[in-house]
Each structure stands twice: as C-alpha cells, then as structure tokens.
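Shown next, in structure tokens, is the structure this report addresses.
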Amino acid sequence: MLYTNPQYRIMGDRALLVELGDEVDPGVSNRVRELFVAIKADPLEGVLETTPSYRSLLLIFDPLETTLSLLQNRVQQILQTLDPSQLCDPRRVEIPVVYGREYGPDLEWVAGYHGITPDEVIRLHAAHTYHVYMIGFMPGFPYLGELPESLITPRRETPRTVVPRGSVALAQGQTGIYSTQSPGGWQVIGRTPLALFDPGKWPPALLEMGDRVKFFAIDEEEMVSWDQ
Amino acid sequence: MGSVETLKILAPGPLTTVQDRGRFGFGQYGVPPSGALDSFSLRVGNLLVGNKEHEASLEITVIGPKIVALIDTLIAITGADLQPNVNETPLEMWRSHLLKKGDVLSFKGPRSGCRTYLAIGGGISVQNIMGSKSTNLAAQFGGLEGRPLRKGDIISSDSPARHLKAVGRSLDKALIPSYTKDQDIRVISGPQDDHFSAEAKEIFFGSPFRVTPQSDRTGIRLEGPQIEAKKNLKESIISEGVVPGTIQIPGDAQPIIILGETVTGGYRKVATVISADLPLLGQLKPGDTVNFLKVSMDEAYQAIRKMENMVAGLF
C-alpha cells in the first residue's frame, strides 16, 4: 500500500530514492507516475536523471549543483500539491504476437506446467490488460503485471544465452518483452514484430511506465509482413 | 575543415570502445549512462589535446590496440599504464604528443590499472545519439555502430590541425593518480543498509574484497566474506533505479559494484561509492583487492569539490 509519508533513501552523494509504497500495486505505481510526470513537466534544478520504478522514483543529480536536503524539500512540496486529476490517462497499446513454435519455445512447457493446452495459455495471456510498471533491465524492456494467477510460472532453471529481440516472455507474476537480443531466464511464449526500442526514434522506447498493454495473436505470415 | 580521417586501427585489442561522459536523462526508457568508466582520465586526456573535457575518446581495456596515424594528429594517453609506444619508443603518459603521419602507436602490456584512454585532438566524429557518443554494447548503438573497434576501422576527428598547438601539455606529476592492487574506496551507507545487521556491516567495512574475472562494464563482482542480510528478509527487493557505484548484495552474499550499463536492480544495496572515487572503479581489474571506507556526506562533498576545482584549474 501507499505510505502516508514517503520514505527517502540516500543512494550515495548524488542520488535520492523517493519510496512511495511497500508493494507492487497499480495504486502505488499510479502515485509514482503522478510524481514522475510532475517532475518531468517542471524539472528540478541539478537533476540529471529521473528513473521511475514499481514503487519509487530515483533522482540522480549533480552534487555541484544541488544538495540532497534541497531536493528532498522540493519533492516533499511537490507531493503535497500533486493534483492527480491533471494527469492524462495512460496510453493503451496493443501488441501483436506470434505465439508458440520457434517464436515461443517455452509455450508447451508453460502449458504442461499448468496442466492446460497451449491455446489456453495464449487465450489467458491475450485476454488480460497489463500495467507497465517499469522500463528496465535493458533499454525499452517493459515489466508488465499482473499475470492472471493461472499463468504464474517460475523462471527457466537454465537461462538461455540468447533470447531474440521481440521475445514475449513470462516469469512469476509478470510478463515482458525482450527489446534487444540478450541472455535471459524468462519463459518465452511468443514474439512480436514491433520494435520495443529504437535509439534513432523519439521517444526511443515503444512503451513507458504507466501505459496499459494488451496482446493479440497474429500468425507467421502477418508477422513477416508487419508494417513497423 | 570539418571531419578528417585521423587514425586507422591495425589491431583492435579485446575491448576498445568509443566513450564520452555518458548518456543522461533516458533512465525512464531503460537507457543506461554508458560512458567512460574512469571519467577523470577521460577529462584530463581531452584537456591535454585541447578538446572540451567531455569529448569522446577511445576506452581501451587491459590489452592495447595497434593504431597508425593517417595524418599529423595530437593525442594523449591517460588512465591505466599499458606501456604505450610510438614506433617502438616508449611514450610518456598524461602528456600530449604529435603523432606524425605514418607513426604507429602500440602498447607493450599492462603495468597498472585496467582502462586506458586515448584522447585525440578534435575528438571522434560519430553521431550523437540521445546526447552522447558513448557505445552501448548491450543494445548495440552509439560509438562506432554500437560495437567494439575492429581491424580496419578508421577514426575521424573534427578539425584536428587546430589542436596541434596544444602539443607538449602535461599534467603535473603530483596530480597523476596511482592505481594500486589494494585500493581504498570511499562509500556512503545506504540505501538499504538497514537490511543488514551491525555485525554484517562491520564485516563489510572491515574486510578486503577481491575483484573477480566475472567483472565487466555492467558491474564489478567481488569475492570475500559473506555479507548476510537480516534473516526474515526475502532474497530480492522490489526493483528500483540504481546509480553507478551502488554496491548490491545478491543471494550469494557477495558484493557487486554497479557500473555504467544498467539503470535498475532488484538486490538490496549496502552502500554507494562517493562521486570522487567513481573514476577509481574503472581501474579495478581481476585480482585487485578493495577496502570500503565509510565516510560522511560532508566528506563526500568536500572530495568532489576538491576534484572539480583541480580539473577546473588545469590548462
């Protein structure tokens, strides 16, 4: 739940962590987004980086231009005057996915683990609307929650050394999309033709914290001809 | 005069990349800072050749490349001592030199430190992506096509002839950092120091840790005594933003110092390296030992001001 008073944690001489709640929860996440949007709209002097995550906002600053106590006071003022009604609604983004076969090599295993058919896994995964809690791990990688309870699956025992870009995967109560090729231990159930990260575009990531995401199934032919 | 071809890579070394001060302001998209891990050496090298201090240079890791000058070019080598040579004659570090067309720069091997910086008068002409020329190896963008240098690569620089007059500039010997195999690193407790018992913290601050070969630009993995979190706590915390220099303690109770290639992390962090000592992290190599010294916020600010005043007073 949301803390009545934020907890400020010191991360060295150039970062302040503003912790707003104690769990992974849409309400806490919305509050983080409110504070994040307010600070982005009216940047704090000396702040180089504002990184939102599940329940906190990290402010990285230039220690020659501002101080921890100054920043903490400013954040406290902003929190007291936040007006959630001024915030735009989160964006809704639909993401096409080819499920199974070489695109989703763990689909069968996930189905077997839950004692359901692969089609049922696809139906469950695509029926739900997910909340983007955070972009992290790699540029453009969205952490999406919550998975329906019947899809909560452990990570792979042995992580893969190569997970292709665009892979749609799940682990515990979350689902995510590999935005660049990398090693990884999540269960891969499909792949999207969309580019989750493109350093040449603005903004560079397809998704941002707070977006709502829904997946829909496409077939291989549609994937090949998908207009990015 | 514009962009001119200055250097050609004859042999790249195992990991040579283009890095400037780093990429800031894109943490919300999961984009890490990257950038020179020893920012002090980057900045001084640039000033020695008459560049702006945050211009891109080549960051060379442990084993040096072999490079030929395509035109008269001013260079300076700072950071780790990998025994640079020009045409087989030793080259003094922390001083700007004129490479004549056809001169070959090579390195005899590491003597101290981990990363050396080759600054070029006129910098490195590559595209600025999200405000930086730094190479992001994991996502493959920035620098030269997002990859380490290869044999045959050509470096171009902006109006190199204009920089030749800075030849002979050198850093006062008293200011040259020494990289020892037993390095003290100053830290501030937190952000999750309350997750560790007084005893665990005593062990953390009282023991040497050895740098392991599993270290890279993402993090320095250490081995030493176990730093156990308080009992009743889960193995990980809810993921949150991190800053280079935070020291996280994963499930195996062995510290990892986060460097420049990640923006979030899910392990509790016992302490964070002060800004003034971040450049030293870039010079730690496998086998070195690290001792963490706890300092106050005041001491950290004094140290960073001292360093900035020193750099501001150069040349």
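The values are calculated or read from the model by the stated rules, or taken from the named source; none is laboratory data. Remember, it's a predicted structure, so these values are computed and weren't measured experimentally. Cβ coordinates were reconstructed from backbone atoms using ideal geometry, including for glycine residues, and neighbour counts include every protein chain displayed.
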Item to check | Top-ranked residue of the range B:260-287 - restricted to ones that are surrounded by fewer than 22 Cβ atoms within 10 Å (Cβ to Cβ) and over 29 Å from A:SER56 (Cβ atoms), ranked as nearest to the other protein chains (Cβ to nearest Cβ) | outcome: B:PRO286
Checklist outcome for this item: Checked A:GLY210, A:GLY200, A:GLY166 against criteria (under 17 Å from the mean Cα position of the chain (by Cα), within 12 Å of chain B (Cβ to nearest Cβ) and among the small types (Gly, Ala, Ser)); the one match is A:GLY210
Next on the checklist: Whether any residue in the range B:32-40 is at pLDDT 95 or above, within 14 Å of another protein chain (Cβ to nearest Cβ) and farther than 21 Å from A:THR180 by Cβ is what I want to check.
Outcome noted: yes
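Restricting to the range B:255-277, and then to whatever is in a loop (DSSP other than H, G, I, E, B) and in contact (Cβ under 8 Å) with a residue 40 or more places away in the chain, can you tell me which residue is nearest to B:PHE204 (Cα to Cα)?
Per the criteria, the residue is B:PRO255.
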Checklist entry - With (1) farther than 30 Å from A:GLY46 by Cα; (2) more than 14 Å from chain B (Cβ to nearest Cβ); (3) of a type in the set (Ser, Thr, Tyr) as the list, and A:SER182 as the residue in question, which single condition is left unmet? => result (2)
Next on the checklist: Which count do you get for residues in the range B:283-315 that are part of a loop (DSSP other than H, G, I, E, B) and within 21 Å of the chain's Cα centre (by Cα)?
Outcome noted: 7
Checklist entry - Residues of the range A:138-163 being more than 18 Å from A:GLY112 (Cα to Cα), within 14 Å of chain B (Cβ to nearest Cβ) and in contact (Cβ under 8 Å) with a residue 24 or more places away in the chain, which ones? => result A:MET138, A:PRO139, A:GLY140, A:PHE141, A:PRO142, A:TYR143, A:LEU144, A:GLY145, A:GLU146, A:VAL163
Next on the checklist: Checking A:ALA126 against (1) in the same structural domain as A:GLY46 (by TED's automatic domain parsing); (2) in contact (Cβ under 8 Å) with a residue 60 or more places away in the chain; (3) surrounded by 15 or more Cβ atoms within 10 Å (Cβ to Cβ), only one condition comes out false. Which one?
Outcome noted: (1)
Checklist outcome for this item: Taking the range B:121-156 and keeping residues surrounded by 22 or more Cβ atoms within 10 Å (Cβ to Cβ) and in a loop (DSSP other than H, G, I, E, B) leaves B:GLY121, B:GLY122, B:GLY123, B:ILE124, B:LYS133, B:SER134, B:THR135, B:ALA139, B:GLY142, B:GLY143, B:LEU149
Next on the checklist: Cβ-Cβ under 7 Å, sequence separation 6+ or interchain: first residue in the range B:227-254 and farther than 29 Å from B:GLY35 by Cα, partner assigned to a strand (DSSP E or B). Which pairs?
Outcome noted: B:ILE227/B:PHE196; B:ILE227/B:ILE249; B:ILE227/B:VAL270; B:ALA229/B:PHE196; B:ALA229/B:ILE249; B:ALA229/B:ARG268; B:LYS230/B:PHE196
Checklist entry - Out of the residues in the range B:222-254 that are in contact with a Pro (Cβ under 8 Å, 6 or more places away or on another chain) and outside any loop (DSSP other than H, G, I, E, B), which is nearest to A:GLY12 (Cα to Cα)? => result B:THR246
Next on the checklist: So, in the range A:59-74, how many residues would count as being assigned to a helix (DSSP H, G or I) and within 14 Å of chain B (Cβ to nearest Cβ)?
Outcome noted: 5
Checklist outcome for this item: Considering residues that are within 18 Å of the chain's Cα centre (by Cα) and among the polar types (S, T, N, Q), the number found within the range B:144-199 is 3
Checklist entry - Of all residues in the range B:62-120 being in a loop (DSSP other than H, G, I, E, B) and among the charged types (D, E, K, R), which is nearest to B:ALA174 (Cα to Cα)? => result B:GLU92
Next on the checklist: When you check B:SER189 against the structure, is it touching a residue at least 40 places away in the same chain (Cβ under 8 Å) and either within 26 Å of B:THR135 (Cα to Cα) or outside the structural domain of B:GLY266 (by TED's automatic domain parsing) (or both), yes or no?
Outcome noted: no
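Return the residue satisfying two criteria in turn: it lies in the range A:85-104 and is buried (at least 16 other Cβ atoms within 10 Å of the Cβ) and in contact with a Ser or Thr (Cβ under 9 Å, 6 or more places away or on another chain), and of such residues it is nearest to A:TYR54 (Cα to Cα).
Once the filter is applied, the top-ranked residue is A:ILE95.
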Checklist entry - Condition test on B:PHE205, is it assigned to a helix (DSSP H, G or I), at pLDDT 95 or above and among the hydrophobic types (A, V, I, L, M, F, W, C)? => result yes
Next on the checklist: With the requirement that a residue be under 19 Å from B:PHE26 (Cβ atoms) and either in contact (Cβ under 8 Å) with a residue 60 or more places away in the chain or within 11 Å of chain B (Cβ to nearest Cβ) (or both), what does the range A:22-44 give you?
Outcome noted: A:VAL32, A:ARG33, A:PHE36, A:VAL37, A:ILE39, A:LYS40, A:PRO43
Checklist entry - Only one of (1) in contact with a helix residue (DSSP H, G or I) (Cβ under 8 Å, 6 or more places away or on another chain); (2) touching a residue at least 40 places away in the same chain (Cβ under 8 Å); (3) farther than 28 Å from B:VAL243 by Cα; (4) of a type in the set (A, V, I, L, M) is not met by A:VAL213, so which one is it? => result (1)
Item to check | Restricting the range B:288-315 to residues that are under 19 Å from B:GLY260 (Cβ atoms) and β-branched (Val, Ile, Thr), the residue that is farthest from the other protein chains (Cβ to nearest Cβ) | outcome: B:VAL290
